[in-house]
Amino acid sequence: LLQAEVLELKAPADTPAKGLVIEAKLDKGRGPLATVLVQRGTLRVGDSIVAGAGYGRVRAMLDEHGDNITEADPSRPAMVLGLTAVPGAGQTFIVVDDDRMARQIAEKRESRERAAMQAKRRVRRTLEDFMASMEKGASQELNLILKGDVSGSVEALEDSLSKIDVGEEVTLRVIDRGVGAITETNVDLAAASDAIIIGFNVRPQGKATEMADKEGVEIRYYSVIYQAIEEIEAALKGMLKPVYEEAVLGQAEIRNIFRSSKLGNIAGCMVTSGLLRRNAKARLLRDGKVVADNLDLASLKREKDDASEVREGFECGLVLKNYQNIEIGDIVESFEMREIPRA
């Protein structure tokens, strides 16, 4: 109020109303409800109005206390009843001369939104993009359909999900969003696009649940936005390919070689560090150089008994699977690949 007085902020009150949609929702009994803020002009009951992709004649208006009002002048918030569709939060509304003009403007707005959404869904790939994806491995994509009780919640959820960053391997795409119950149309789209439906404070209507079970479409319900963000982020991280690192288990020096017609060359070894584990990977070192890599420890014995592992300071006999070129003095290094947990 102080700024308005100092800056002498004024708006004409005798012109057709124009302003912003603050919030909107779908009410079962009253249909689409839009809370609007008049920026200029005066909004009256009976005016033909266009709000986002919705249009109609103002049947009734309610003030902040839920009482009926007949008009709303500049800077006045009001809840409007009579629209054909739920507008999005932040969209503009205008008052026009008649219902026919309102319908034409709304249809143009809807066609523009549909074209923008289709362009967003369509993935155009160049040859360079294809070659790049071949080099680094094909990326995975998680498609979502968002439905909420009010448009502000849907927009806030979409904005929060778009900020999730788990690298270039996985991408998240919202292919559709809307206000109101989850419908069979949403399930159809999810089935065709291999998408997951996120319901925020809404539930399916009609046969949507039965249809989702039949089509194998997953529907997740949330009432807290942070829980939805955490679970979607966990799902994206789960789609990432695991990252492994090599962990050296130990080394053993070959001190004798025994010939066997059945097993081939058997290396008599002394474990000099760590341990050797049966079925682990191994490499053969000779004079500090890698002679063979990614070998399998096919057999590991301690004296005459099979052993799952042999620790430092003990002697053992081992056989390298499908590899016979071993010499006295060679070093057998045992290692395994361990998955690195992602942050």
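The values are calculated or read from the model by the stated rules, or taken from the named source; none is laboratory data. Predicted, not measured: the structure shown is a model, and the values here were computed from it. All Cβ positions, glycine included, derive from the backbone under ideal geometry; neighbour counts span all protein chains shown. Ligands, DNA and RNA are excluded from the accessible area calculation, which covers all protein heavy atoms including side chains. Shrake-Rupley method; radii C 1.70, N 1.55, O 1.52, S 1.80 Å.
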Got a number for residues in region 207-252 being modelled with pLDDT of 85 or more, within 23 Å of LEU295 (Cβ to Cβ) and surrounded by fewer than 16 Cβ atoms within 10 Å (Cβ to Cβ)?
3
Is it fair to say GLY41 is out of contact with any helix residue (DSSP H, G or I) (no Cβ under 9 Å at 6 or more places or on another chain) and closer than 12 Å to GLY19 by Cβ?
yes
Which numbered condition VAL95 misses (of (1) over 26 Å from ARG203 (Cβ atoms); (2) within 36 Å of the chain's Cα centre (by Cα)):
(2)
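Can you name the strands (runs of 3 or more DSSP E) wholly within region 38-124 that have at least 3 residues being of a type outside the set (Ser, Thr, Tyr) and buried (at least 21 other Cβ atoms within 10 Å of the Cβ)? Let's see the steps before the verdict.
On the way: elements: 48-51, 54-62, 77-83, 92-96.
Filter on region 38-124 gives 48-51, 54-62, 77-83.
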Going residue by residue through region 187-203, is there one that turns out to be open to solvent by less than 10 Å² (accessible area, probe 1.4 Å) and within 18 Å of LEU26 (Cα to Cα)?
yes
Enumeration of residues in region 287-323 that are part of a loop (DSSP other than H, G, I, E, B), open to solvent by less than 80 Å² (accessible area, probe 1.4 Å) and touching a residue at least 40 places away in the same chain (Cβ under 8 Å):
GLY313
For region 268-286, give me each residue that is more than 21 Å from ILE328 (Cβ to Cβ), outside any loop (DSSP other than H, G, I, E, B) and of a type in the set (A, V, I, L, M, F, W, C).
LEU275
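Restricting attention to region 186-201, does a residue exist that is among the acidic types (Asp, Glu) and over 30 Å from VAL319 (Cα atoms)? Steps first, please.
If we filter region 186-201 for residues that are among the acidic types (Asp, Glu), which is where we start, we get 188, 194.
Checking which are over 30 Å from VAL319 (Cα atoms) leaves us with 188, 194.
There is at least one residue in region 186-201 that is among the acidic types (Asp, Glu) and over 30 Å from VAL319 (Cα atoms).
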